[in-house]
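J.: Got a structure for you, questions after.
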Amino acid sequence: MLIIPAIDLKDGQCVRLSQGRKDAVTVYGDDPVAIARQFKADGASLIHVVDLDAAFGNDNAANQNALRRILQELDIAVQFGGGVRNAEDIKRLIDRGVTRIVIGTVAAESTDKLEELVDQFGARICVGIDARNGTVMTRGWENTSNVNATDLAKRVANVGIERIIYTDTTRDGMLSGPNIQQITAVARAAGVKVTASGGISSLDDIVLLKDADEPLLDSVIVGKALYEGKFSLADVYD
């Protein structure tokens, strides 16, 4: 199982939010590039970067500068999300060197638009499904939709999406363990590869994901547990 460390950017700093609430911010560093460099040194082959300000609808040049520096200074694959709304955003990110772009709100709000993006960019995009109690959240997790997570998973798979990143928003940043039942339900509903996100607190949680015996669940994003020293990537890859 691939372990993907997360770097969430707010005002150019590396932060974590509790349950995605922008008023519940913990700052872990003001040099995201240094943090990315350490993740790579510890064995990471892919980093998950999120522009939280963009996800909440606010442009922030400091976040974009941090992303640009990570791409320029480190030879590592980057998966990026946050505020990506159209083909122009995706093309700009690909041109900068982003390996994979995460689409969230667009996927939930317009299957037709998502299909157009899949036709244009193929496997360079994946869909982030962020859900609270099984219901999809959009617009930086501030809006509650009327869409069920497994239903959305089926829809995006039907238009050609090859990977879903599933986040349980009630567990994200809480170190409370992953929602394995819901993660596996999404994987089985969609029939495409799934990356788990939200709640990882220890290496035992990663073992639980492996033991779920779901071959489509092949990777997991880890954030707060790394920053709080619950374990390190070196522990995983040694």
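J.: So which of Ile90, Ile76, Ile94 ends up being hydrophobic (A, V, I, L, M, F, W, C) and closer than 19 Å to Leu233 by Cα? Before you say what the answer is, go through the steps one by one.
T.: Details: Ile90 fails: closer than 19 Å to Leu233 by Cα; Ile94 fails: closer than 19 Å to Leu233 by Cα.
After ruling out the rest, the residue left standing is Ile76.
J.: Of all residues in region 130-146, how many are in a strand (DSSP E or B), free of Cβ contacts under 8 Å to residues at least 40 places away in the same chain and either touching a helix residue (DSSP H, G or I) at 6+ places or on another chain (Cβ under 6 Å) or not β-branched (Val, Ile, Thr) (or both)?
T.: As a first pass, look at region 130-146 and keep what is in a strand (DSSP E or B): 130-132, 135-138, 143-146.
Going one step further and asking which of them are free of Cβ contacts under 8 Å to residues at least 40 places away in the same chain, we end up with 132, 135-136, 138, 143-146.
From what is left, the residues that are either touching a helix residue (DSSP H, G or I) at 6+ places or on another chain (Cβ under 6 Å) or not β-branched (Val, Ile, Thr) (or both) are 132, 136, 138, 143, 145-146.
The number of residues fulfilling the criteria is 6.
Residue-wise test of (1) at pLDDT 90 or above; (2) of a type in the set (D, E, K, R); (3) crowded, with 16+ Cβ neighbours inside 10 Å; (4) part of a strand (DSSP E or B).
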{"position": "Gly128", "(1), (2), (3), (4)": "yes, no, yes, yes"}
{"position": "Tyr166", "(1), (2), (3), (4)": "yes, no, yes, yes"}
{"position": "Leu175", "(1), (2), (3), (4)": "no, no, yes, no"}
{"position": "Ile200", "(1), (2), (3), (4)": "yes, no, yes, no"}
{"position": "Val207", "(1), (2), (3), (4)": "yes, no, no, no"}
{"position": "Lys210", "(1), (2), (3), (4)": "yes, yes, no, no"}
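J.: Now for a separate question. Identify all residues within region 145-167 that are of a type in the set (A, V, I, L, M) and farther than 19 Å from Asp218 by Cβ; write none if there are none.
T.: Step one: list which residues in region 145-167 are of a type in the set (A, V, I, L, M), which gives 147, 149, 152-153, 156-157, 159, 161, 164-165.
Scanning region 145-167 gives Val147, Leu152, Val159.
J.: For a quick check of your reading of the model, give me the residue pairs whose first member lies in region 31-45 and is within 16 Å of Gln72 (Cβ to Cβ) and of a type in the set (Gly, Ala, Ser), whose second is modelled with pLDDT of 95 or more and assigned to a helix (DSSP H, G or I), with beta-carbon atoms closer than 6 Å and at least 6 apart or on different chains.
T.: Partner pairs satisfying both residue conditions: Ala36/Ile70.
J.: From the list Ala196, Ala225, pick out the single residue that is crowded, with 23+ Cβ neighbours inside 10 Å, in contact (Cβ under 8 Å) with a residue 12 or more places away in the chain and closer than 26 Å to Leu52 by Cβ.
T.: On the way: Ala225 fails: crowded, with 23+ Cβ neighbours inside 10 Å.
After applying the criteria, what remains is Ala196.
J.: Looking only at region 212-238, count how many residues are assigned to a helix (DSSP H, G or I) and touching a Leu at 6+ places or on another chain (Cβ under 9 Å).
T.: Residues of region 212-238 that are assigned to a helix (DSSP H, G or I), as a first pass: 224-227, 233-237.
Subsequent filtering for residues that are touching a Leu at 6+ places or on another chain (Cβ under 9 Å) retains 224-226, 233, 235-236.
Residues meeting the conditions: 6.
J.: Just name the residue that is nearest to Pro5 (Cα to Cα) out of those in region 87-124 that are part of a loop (DSSP other than H, G, I, E, B) and modelled with pLDDT under 95. Walk me through how you get there before you give the answer.
T.: Of the residues in region 87-124, the ones part of a loop (DSSP other than H, G, I, E, B) are 97-99, 104, 110.
Filter again for modelled with pLDDT under 95, leaving 104, 110.
Details: Gly104: 19, Ser110: 29 Å.
Result: Gly104.
J.: While we're on this one: Could you check, for region 71-81, whether at least one of its residues is touching a residue at least 40 places away in the same chain (Cβ under 8 Å), crowded, with 23+ Cβ neighbours inside 10 Å and more than 21 Å from Gly122 (Cα to Cα)?
T.: no
J.: Please specify each residue of region 26-66 satisfying the condition of being touching a strand residue (DSSP E or B) at 6+ places or on another chain (Cβ under 8 Å), within 16 Å of Val222 (Cα to Cα), among the small types (Gly, Ala, Ser) and not in a helix (DSSP H, G or I).
T.: Within region 26-66, Ala44, Ser45 qualify.
The values are calculated or read from the model by the stated rules, or taken from the named source; none is laboratory data. What you see is a predicted model, and the numbers here were worked out from it, not measured in a lab. Neighbour counts are summed over all protein chains in view; Cβ atoms, including those assigned to glycine, are modelled from backbone coordinates with ideal geometry.
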